[in-house]
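J.: Here it is, the structure, as structure tokens.
The values are calculated or read from the model by the stated rules, or taken from the named source; none is laboratory data. Bear in mind the structure is a predicted one, so any value in this text is a computation, not a measurement. Glycine also receives a Cβ, built like all others from the backbone with ideal geometry; neighbour counts cover every protein chain displayed.
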Amino acid sequence: MSLGPIEEELAKARSAYRNWGRWGEDDVLGTLNFIDDAIRAHAAGLVRRGRSFSLSQEFNERGPQRGFRGRINPVHYMKDTGSDAAAGTQGFPHGFGGADDHVVMPLQASTQWDGLGHIYDNKQAWNGRPCTIVNGDGDSVTGIEHMKDAFTGRGVLLDVGRAVGDEHGELPDGFAILEEHLRATIEAQGATSSVRRGDLVLIRTGQLGRVRRLGAWGGYAAGDAPGLSFTTLGWLHRTEIAAIASDTWGLEVRPYEFAQPAMSPLHQIAIPNMGLPLGEMWDLEELAEDCAADGVHEFLLIAAPLPVTGAVGAPVNPIAIK
């Protein structure tokens, strides 16, 4: 699909999809407001078999990061170990011993949510606030802690890789997922894939499965990738979903679809203008296999971010229950 100059496309999208003021001037949840008690209660009723799936990658030094904008893989180290207890150096009474550990990592090193303070559009953050609400102490208004109980609802897997991809169920790097691909996936998967207001939508491209199959991360982090086209912003806005996540490093297609230099243009509209939280680096492989086997692509999804005060993004261990 041919897109116009990036500034023109951004201006059109900004005008069409901006949700500023929709939930009041003090809002800190954005499109998560679409999830209400009735939606959560319905989602709980989707549990039939009791089968649970973790949608998180493991957090360790073997992760995908390769230094883009200072992002490193998690570094885990021990403060106290069993060896310390065995040596009797811990100083505890009556034979008590223990272990303790630390981790050092960017909050968006692996499976995570982007918060509403993560991206700005022309120096403006979500709901028209100045980007300076995020300072050296963190996000003073829309920190991820405000969302700590908000990411619970009906999850829907759209396995685009399986529906329109190759024999491995994978999309090639640089493949732009259009609205027509989303609609084709929903049609192929059946009624349980219908997307409704307040849904937490998961997009499987197959890229994570591919790098595992090949045994190397390659350009998974900040390199070329399949992902959502900039043109899907209309679908994201019209369907009134609560949030969306995928199995890629950056959710949107890379390289970007513009002739001019660009940086995450879908993020630039979705987060600060639409108020839509984005999830990245989710592990959807096991869930996708199960959904393909039983034909059920909806489930209860509980995906609470680690509530780090003032954080603009946070790690998450999402749990899907069918």
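J.: Condition first: of a type in the set (S, T, N, Q) and outside any loop (DSSP other than H, G, I, E, B). Now tell me which residues in the range 214-233 satisfy that.
T.: Answer for the range 214-233, where residues must be of a type in the set (S, T, N, Q) and outside any loop (DSSP other than H, G, I, E, B): THR231, THR232.
J.: So which of VAL195, VAL211, VAL201 is of a type in the set (Val, Ile, Thr), assigned to a strand (DSSP E or B) and either modelled with pLDDT of 95 or more or closer than 19 Å to ASN19 by Cβ (or both)?
T.: Exactly one of VAL195, VAL211, VAL201 is of a type in the set (Val, Ile, Thr), assigned to a strand (DSSP E or B) and either modelled with pLDDT of 95 or more or closer than 19 Å to ASN19 by Cβ (or both), namely VAL201.
J.: Which residues, counting only those in the range 214-271, are hydroxyl-bearing (Ser, Thr, Tyr), surrounded by 22 or more Cβ atoms within 10 Å (Cβ to Cβ) and under 21 Å from ALA150 (Cα atoms)?
T.: SER246, the sole residue that qualifies.
J.: Any chance you could count how many residues in the range 103-124 are out of contact with any strand residue (DSSP E or B) (no Cβ under 6 Å at 6 or more places or on another chain) and more than 20 Å from TYR220 (Cβ to Cβ)?
T.: So the count comes out to 7.
J.: Looking at the range 234-246, is at least one residue in a loop (DSSP other than H, G, I, E, B) and at positive phi?
T.: yes
J.: Sticking with this one: Could you tell me whether any residue of the range 23-37 is assigned to a loop (DSSP other than H, G, I, E, B) and touching a His at 6+ places or on another chain (Cβ under 8 Å)?
T.: yes
J.: Please indicate, with yes or no, whether at least one residue in the range 31-40 is surrounded by 10 or more Cβ atoms within 10 Å (Cβ to Cβ), more than 23 Å from ILE244 (Cα to Cα) and at pLDDT 95 or above.
T.: no
J.: Given the criterion surrounded by 14 or more Cβ atoms within 10 Å (Cβ to Cβ) and of a type in the set (D, E, K, R), identify the matching residue among ARG129, ARG69, ARG49.
T.: After applying the criteria, what remains is ARG129.
J.: Next up: Return the total of residues in the range 1-23 being under 16 Å from ALA259 (Cβ atoms), modelled with pLDDT of 95 or more and either in contact with a Phe, Trp or Tyr (Cβ under 7 Å, 6 or more places away or on another chain) or surrounded by 17 or more Cβ atoms within 10 Å (Cβ to Cβ) (or both).
T.: Total satisfying the criteria: 3.
Listed here are the residues, each with its yes/no results for (1) in a loop (DSSP other than H, G, I, E, B); (2) modelled with pLDDT of 95 or more; (3) under 22 Å from TRP235 (Cα atoms).
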{"position": "HIS146", "(1), (2), (3)": "no, yes, no"}
{"position": "GLY153", "(1), (2), (3)": "no, yes, yes"}
{"position": "LEU158", "(1), (2), (3)": "no, yes, yes"}
{"position": "ASP166", "(1), (2), (3)": "yes, yes, no"}
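J.: Among the residues of the range 121-143, is any within 30 Å of VAL211 (Cα to Cα), touching a residue at least 40 places away in the same chain (Cβ under 8 Å), in the same structural domain as TRP217 (by TED's automatic domain parsing) and not hydroxyl-bearing (Ser, Thr, Tyr)?
T.: No, every residue in the range 121-143 fails to be within 30 Å of VAL211 (Cα to Cα), touching a residue at least 40 places away in the same chain (Cβ under 8 Å), in the same structural domain as TRP217 (by TED's automatic domain parsing) and not hydroxyl-bearing (Ser, Thr, Tyr).
J.: Take the range 177-192 and flag every residue that is touching a Gly at 6+ places or on another chain (Cβ under 8 Å) and either more than 25 Å from PHE151 (Cβ to Cβ) or in a loop (DSSP other than H, G, I, E, B) (or both).
T.: GLY190
J.: Can you work out which of the residues in the range 272-295 that are in a helix (DSSP H, G or I) and not charged (D, E, K, R) is nearest to ILE241 (Cα to Cα)?
T.: MET274
J.: Under the condition of being closer than 16 Å to PRO277 by Cβ and charged (D, E, K, R), which residue from the range 224-256 is nearest to the chain's Cα centre (by Cα)?
T.: Here the residue is GLU252.
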